[in-house]
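The values are calculated or read from the model by the stated rules, or taken from the named source; none is laboratory data. Source: prediction; values computed, not measured. So basically every Cβ, Gly included, is an ideal-geometry build from the backbone, and we count neighbours across all protein chains shown.
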Amino acid sequence: MDVLMTLGDGSTTFRFAVDTAAYQSVKRKTEWRWPAQDRLWADPARQFTGRGTDEITLDGVILPAFRGGVGQINALRELADAALTQGAGARPLTLVTGYGEVLGRWVITGLDEEQPTIGERGAALEQRFSLTLAAYGDDIA
């Protein structure tokens, strides 16, 4: 299996791969906070107040009849829902690229699903997804 990226740790790891949920694009948005302070008779001044949010969005397609089956979207939902059952013990997920770069710890903040092609008895022949991850924000020691 050609793994593109993994999300999770140990038994709760989801593998994005050609055989499962293959993403076609990766978008990353990182923010830095520089709020403006208005001044009398001068342009507003800006002060750096730290990093803002860091988000990654994976957009992809699953062809359940070809490879991977129909359970891939539900597996992602279960990974995100684990926080519901773990309560205060919920943990962020480690994100690692297919070439071994550890991107740190992330949480799932959104999952959009579309089924543009439907087959017999309502089975999805194609599933498109958009998964949004946000950096956990580890404390600096």
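What tally of residues in region 26-40 results from selecting those that are among the hydrophobic types (A, V, I, L, M, F, W, C) and in a loop (DSSP other than H, G, I, E, B)? Walk me through it before giving the result.
Let us first name the residues in region 26-40 that are among the hydrophobic types (A, V, I, L, M, F, W, C), namely 26, 32, 34, 36, 40.
Retained after the next criterion (residues that are in a loop (DSSP other than H, G, I, E, B)): 34, 40.
Qualifying residue count for the region: 2.
Residues that are over 16 Å from residue 110 (Cα atoms) and assigned to a strand (DSSP E or B) within region 41-57 comprise 42, 43, 44, 45, 46, 50, 51, 52, listed in sequence order. Count of region 10-56 residues, restricted to those that are more than 17 Å from residue 131 (Cβ to Cβ), touching a residue at least 12 places away in the same chain (Cβ under 8 Å) and either in contact with a strand residue (DSSP E or B) (Cβ under 8 Å, 6 or more places away or on another chain) or surrounded by fewer than 13 Cβ atoms within 10 Å (Cβ to Cβ) (or both), is 13.
Look at (1) among the aliphatic types (A, V, I, L, M); (2) part of a loop (DSSP other than H, G, I, E, B); (3) modelled with pLDDT of 95 or more and you find that residue 65 fails only one, number (3). All of (1) over 30 Å from residue 115 (Cα atoms); (2) touching a Pro at 6+ places or on another chain (Cβ under 7 Å); (3) not in a strand (DSSP E or B) hold for residue 86 with one exception: (2).
Which residues, counting only those in region 109-132, are touching a helix residue (DSSP H, G or I) at 6+ places or on another chain (Cβ under 7 Å) and touching a residue at least 60 places away in the same chain (Cβ under 8 Å)?
Narrowing region 109-132 to residues touching a helix residue (DSSP H, G or I) at 6+ places or on another chain (Cβ under 7 Å): 111, 113, 127, 129, 131.
Result: 127, 129, 131.
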